[in-house]
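The values are calculated or read from the model by the stated rules, or taken from the named source; none is laboratory data. Keep in mind that what you see is a predicted model, and the values were worked out from it rather than measured. Cβ: placed from backbone, ideal geometry, glycine included. Neighbour counts: every protein chain shown. To get the accessible areas, we keep the full protein, side chains included, count just its heavy atoms, and leave off ligands, DNA and RNA. Shrake-Rupley method; radii C 1.70, N 1.55, O 1.52, S 1.80 Å.
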Amino acid sequence: MARLTILGVGPGDPDLITVAGLKALRQARTVAYPVAEPGGEGMAARIAAPWLQPEQQRLPLHFPMTTAAAPCRLAWRCAARQLLQAVAERPPVAMLCEGDVSLYASASYVALQLQTMAPSPLRVSMIPGVTAMAATAAAAHWPLALQSQQLLVAPAPETPTALDALLAKAEVLAVHKVGRRWPWLREALQQRGLLPQALVAERVGWPDQRLIPAAELPPGACSYFSLVLVRQAWPPVLPWDAGDAVAAV
Ligand SMILES: C[S@@+](CC[C@H](N)C(=O)[O-])C[C@H]1O[C@@H](n2cnc3c(N)ncnc32)[C@H](O)[C@@H]1O
């Protein structure tokens with residue numbers, strides 16, 4: 001068994017952890033998880049709470065909410081050192097990650113950081129998780145990509161021009177990190193006639209989950225834990241005739 005496992009716990013519903021993830025979590029003597037501020041709880045830890053055992057040592061890892069290089073690099077180095085120490089003192093260690101470990105995840109940086117400093121032969125295992133995007137698609141019965149369609153996963157752009165650049169590249173967009181950008185994004189989608197084909201998913205998998213046709217969500221700020229799926233087109237071959245396609249969006 002790996003002495004350090006980085007595992008995705010899914011986007012909110014504790015039942016969406018994988019069997020492999022749950023096995024690794026149950027075997028762990030130390031459970032690490034990201035927190036946005038010291039003393040904070042952390043989304044991943046909240047999601048995995050039903051699976052944690054009292055005797056497991058908790059190791060919160062602080063990742064500040066910034067994109068500035070210096071504090072990010074410091075946080076990744078610090079987290080990697082804390083994990084190495086936990087591996088030496090109280091293995092095996094499980095590090096939890098909200099959603100999947102490879103999508104906009106602090107866990108990805110930590111894994112890269114460890115490659116630069118881990119004493120070999122430290123075995124690090126990565127267990128994928130259900131992404132918020134996949135959970136949204138399933139909950140809303142909203143197929144992400146069909147036939148030869150391209151799906152583009154992106155953080156919310158900052159300007160309408162940047163949105164157009166994304167729209168030019170793919171039939172379906174999965175826009176992450178929407179939050180305060182919703183008012184202008186809504187307006188831009190409306191101007192491009194895409195509002196009726198867009199879906200907003202807020203806090204998927206949580207008890208207060210909302211799946212809302214974008215046209216029905218007014219232009220206030222939405223939760224940081226929101227994403228918008230935008231479909232520009234359906235593929236040509238579908239279970240219904242082309243003329244009916246709009247009704248099926
Ligand atoms: C830092 S990224 C983490 C993505 C995550 N690793 C995944 O695999 O889905 C955070 C963004 O993912 C999306 N997200 C994460 N959890 C979500 C949820 N439960 N409901 C809706 N969107 C979510 C939001 O767009 C949020 O701004």
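Observations, loosely collected:
- Simple label model, 7 Å out from Cα along Cβ direction - Asp15 to Gln190, nm: 3.8 nm
- With all protein chains in place and a 1.4 Å probe, the accessible surface of the chain carries 57 percent carbon and sulfur.
- Positive minus negative residues near Pro196 (Lys, Arg vs Asp, Glu; Cβ under 14 Å): +2
- For the range 51-181, the spread of Cα positions along each principal axis, largest first, Å: 50, 34, 29
- Rounded to 10°, Cα long-axis angle of helix 106-117 versus longest principal axis of the chain: 40 degrees
- Maximal additional length on extending the Gln147-Leu238 stretch stands at 31.8 nm, based on 0.36 nm per residue less the C-alpha distance.
- Using the Cβ-Cβ distance between Ala139 and Ala68 with R0 set to 51 Å, the FRET efficiency works out to roughly 0.90.
- Nearest 10 degrees, 0 to 90: helix 69-89 Cα axis against the chain principal axis: 50 degrees
- For the range 213-220, Karplus couplings with θ = phi - 60° (6.51, -1.76, 1.60), whole Hz, Gly/Pro x: x, 4, 5, 8, 9, x, x, x
- Bridge orientation summary for the chain: considering DSSP beta bridges with both residues in this region, about 40 percent are antiparallel.
- The range 86-156, Cα convex hull volume normalised per residue, Å³: 137 Å³
- Solvent exposure of the chain as accessible area per residue, Å², 1.4 Å probe: 50 Å²
- Using only alpha-carbon positions in the chain, the gyration tensor eigenvalues give semi-axes of 37, 19, 16 Å once each is multiplied by 5 and square-rooted (largest first).
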